[in-house]
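Q: Take a look at the following structure, please.
The values are calculated or read from the model by the stated rules, or taken from the named source; none is laboratory data. Since the structure is predicted, the reported quantities are computational estimates derived from the model, not experimental observations. Note that each Cβ is placed from the backbone with ideal geometry, even for glycine, and that neighbours are counted across all protein chains shown.
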Amino acid sequence: MKAILSQVAGDPGTLVLADVPEPEPGPNDVLVAVKACGINFPDGLLIRDKYQIRPPRPFAPGSEISGIVARVGAAVSRFRPGQHVIGRLGWGGLAERVAVPEDRCIAIDATMPFDQAAAFIFTYGTAHYALVDRGHVAPGETVLVLGASGGVGIAAVQAAKALGARVIAAASSTERLAVALANGAERGVVYPRTLTDKEAARALAAEFKDACGATGADVVLDPVGGPYAEPALRAIARNGRHLVVGFTAGIPAIPLNLPLLKSCSVVGVDWGAFVRGDPAGAAANAAAVLALYGAGKLSPRVSERFTLAEAPAAIARLESRAVTGKLVVMMD
Ligand SMILES: NC(=O)c1ccc[n+]([C@@H]2O[C@H](COP(=O)([O-])OP(=O)(O)OC[C@H]3O[C@@H](n4cnc5c(N)ncnc54)[C@H](OP(=O)(O)O)[C@@H]3O)[C@@H](O)[C@H]2O)c1
């Protein structure tokens, strides 16, 4: 079978399309014929050895897939051949077949399109876990979402709206902001593509405050970090929660007097650690977002599709900061 392999650490250009043996499922594994694989920002970090997890090489990147169960291991009880599934992998998804531990497989309705199913659990699982379990968002609260037209960003806009929150979106251009507004944000802020001087950061904090209203943002969902995190924190409400989700713009250093002055919390969000450490919680998280999908409240926005051979270009494209929504590699 074909797979995209990382054989040396480096940028997407180091990835190769290779013929590899089909994986043999262990007793607790489900062998999935992959139909689609979603591309996520951590894929580019993983192949450069810059992610918190370092798989042994060679490995195929690709952290989430959808497909059809081909075979199951002897101890698998919940899946059978022919069933449609999502696999929550970490890596290994950019391959025609993958063996997925049963507890990392999620059964889906056969009516869910494979491209949407492969662009679902990573971002919506993260957004829901962040907003509900870590941020305790209540109906009527104001949620400010940074990077609101990216994968996690759009998912967070939709998920916060589904929770009854008022969503303020922030993105680096009017075109990108328009995507977030079309996905349920009530109002938005365009931030500069680079933010280097203090004056511009102060101006951005004022814009965030103006957009969020008199009391500020009850919750900031921040998958971007970098120089944008502090202006957002400055616009947070008393008892607000700043959800630290990712660092596409770099890892910020926040003055610790700010949480004191704002009486707010800076809350770390690690969905991957959550699903590894709490299988029951992970199953509830998946069931919750799939129910919201079924109710039409969450809807993955797949903006571009690639072939398996084009997967390195897909990872590079996501890093270009030109993508809105999700990129998906289709196997057929
Ligand atoms: N904590 C967790 O459990 C968890 C789970 C999933 C993902 N994540 C993290 O969440 C972040 C977002 O992931 P994603 O898959 O949603 O990525 P994505 O689709 O590429 O979206 C990232 C967004 O970041 C913004 N951005 C700002 N500076 C950027 C830069 N220098 N390069 C690229 N993008 C930049 C972009 O929007 P603008 O141009 O509008 O600013 C872009 O839309 C990543 O850091 C990822 O590792 C964390």
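Q: Looking at segment 305-327, I want the residues that are touching a residue at least 40 places away in the same chain (Cβ under 8 Å) and have a partner that is of a type in the set (Asp, Glu) and part of a helix (DSSP H, G or I) with Cβ atoms under 6 Å, at least 6 apart or on another chain. Which pairs are those?
A: Going by the 6 Å Cβ cut-off, the qualifying pairs are Ile315/Asp43.
Q: Looking at segment 37-53, which of the residues that are in contact (Cβ under 8 Å) with a residue 40 or more places away in the chain and under 15 Å from the mean Cα position of the chain (by Cα) is surrounded by the fewest Cβ atoms within 10 Å (Cβ to Cβ)?
A: Gly44
Q: Another question, then. Being more than 16 Å from the ligand (Cβ to nearest atom) and in contact (Cβ under 8 Å) with a residue 12 or more places away in the chain is the requirement here; does Thr215 meet it?
A: Values: more than 16 Å from the ligand (Cβ to nearest atom): yes; in contact (Cβ under 8 Å) with a residue 12 or more places away in the chain: yes.
Taking the combined requirement at face value, the residue satisfies it.
Q: Continuing with the same structure: Just the residues that are among the polar types (S, T, N, Q) and away from the ligand (no atom under 13 Å from the Cβ), please, taken from segment 120-157.
A: First, the residues of segment 120-157 that are among the polar types (S, T, N, Q): 123, 126, 142, 149.
The answer is Thr142, and nothing else.
Q: Mind checking which residues of segment 79-109 are more than 21 Å from the chain's Cα centre (by Cα) and either more than 17 Å from Glu24 (Cβ to Cβ) or acidic (Asp, Glu) (or both)?
A: Correct list: Arg80, Gly82, Gln83, His84, Glu96, Glu102, Asp109.
Q: Another one. Can you spot a residue in segment 187-198 that is more than 22 Å from Val244 (Cα to Cα) and either modelled with pLDDT under 95 or more than 12 Å from the ligand (Cβ to nearest atom) (or both)?
A: The initial filter retains those residues of segment 187-198 that are more than 22 Å from Val244 (Cα to Cα), namely 197.
With the extra rule that they be either modelled with pLDDT under 95 or more than 12 Å from the ligand (Cβ to nearest atom) (or both), the set shrinks to 197.
Yes.
Q: Please specify each residue of segment 54-90 satisfying the condition of being touching a helix residue (DSSP H, G or I) at 6+ places or on another chain (Cβ under 7 Å), hydrophobic (A, V, I, L, M, F, W, C) and under 19 Å from Trp271 (Cβ atoms).
A: The answer is Ile86, Leu89.
Q: All but one of (1) within 16 Å of the ligand (Cβ to nearest atom); (2) assigned by TED's automatic domain parsing to the domain that holds Pro61; (3) over 16 Å from the mean Cα position of the chain (by Cα) hold for Gly281; state the number of the condition that does not hold.
A: (2)
Q: Go through segment 243-278 residue by residue and tally those that are surrounded by fewer than 17 Cβ atoms within 10 Å (Cβ to Cβ), more than 16 Å from the ligand (Cβ to nearest atom) and in a loop (DSSP other than H, G, I, E, B).
A: 5
Q: Shifting gears a bit: Which residue is nearest to Pro56 (Cα to Cα), if the candidates are limited to segment 2-18 and must be hydrophobic (A, V, I, L, M, F, W, C) and crowded, with 16+ Cβ neighbours inside 10 Å?
A: Within segment 2-18, the subset hydrophobic (A, V, I, L, M, F, W, C) is 3-5, 8-9, 15-18.
Next, only the ones that are crowded, with 16+ Cβ neighbours inside 10 Å stay: 3-5, 15.
Working: Ala3: 16, Ile4: 15, Leu5: 11, Leu15: 15 Å.
For segment 2-18, the residue satisfying everything is Leu5.
Q: Can I ask one more? If you take the residues in segment 27-76 that are polar (S, T, N, Q) and at pLDDT 95 or above, which one is nearest to the ligand (Cβ to nearest atom)? Working first, answer last.
A: Of all residues in segment 27-76, those polar (S, T, N, Q) come to 28, 40, 52, 63, 66.
Next, only the ones that are at pLDDT 95 or above stay: 28, 40, 63, 66.
Values: Asn28: 25, Asn40: 4, Ser63: 9, Ser66: 17 Å.
Looking at the filtered set, the residue picked out is Asn40.
Q: Looking only at segment 158-178, count every residue that is near the ligand (Cβ under 9 Å from one of its atoms) and hydrophobic (A, V, I, L, M, F, W, C) and tell me the total. Break it down stepwise before answering.
A: Our first condition is that a residue be near the ligand (Cβ under 9 Å from one of its atoms); within segment 158-178, this holds for 170-173, 176-177.
Of the ones still in play, those that are also hydrophobic (A, V, I, L, M, F, W, C) are 170-171, 177.
Residues meeting the conditions: 3.
Q: At least 3 residues that are among the β-branched types (Val, Ile, Thr) and under 14 Å from Met331 (Cβ atoms) in each: list the strands (runs of 3 or more DSSP E) lying fully within segment 1-65 that qualify.
A: On the way: elements: 2-5, 16-19, 29-39.
Output list reads 29-39.
Q: Would you check which residues across segment 279-304 are surrounded by 13 or more Cβ atoms within 10 Å (Cβ to Cβ) and not in a helix (DSSP H, G or I) and list them?
A: Lys297, Leu298, Ser299, Pro300, Arg301, Val302, Ser303, Glu304
Q: While we're looking at this one, here's another question. Restrict the check to segment 54-75 and report whether at least one residue is free of Cβ contacts under 8 Å to residues at least 24 places away in the same chain and among the aromatic types (Phe, Trp, Tyr). Steps first, please.
A: Step one: list which residues in segment 54-75 are free of Cβ contacts under 8 Å to residues at least 24 places away in the same chain, which gives 54, 56.
Now drop any that are not among the aromatic types (Phe, Trp, Tyr), which leaves none.
Among the residues of segment 54-75, not one is free of Cβ contacts under 8 Å to residues at least 24 places away in the same chain and among the aromatic types (Phe, Trp, Tyr), which makes the answer no.
Q: While we're here: What number of residues within segment 237-257 satisfy the criterion of being touching a strand residue (DSSP E or B) at 6+ places or on another chain (Cβ under 7 Å) and in contact (Cβ under 8 Å) with a residue 60 or more places away in the chain?
A: 4
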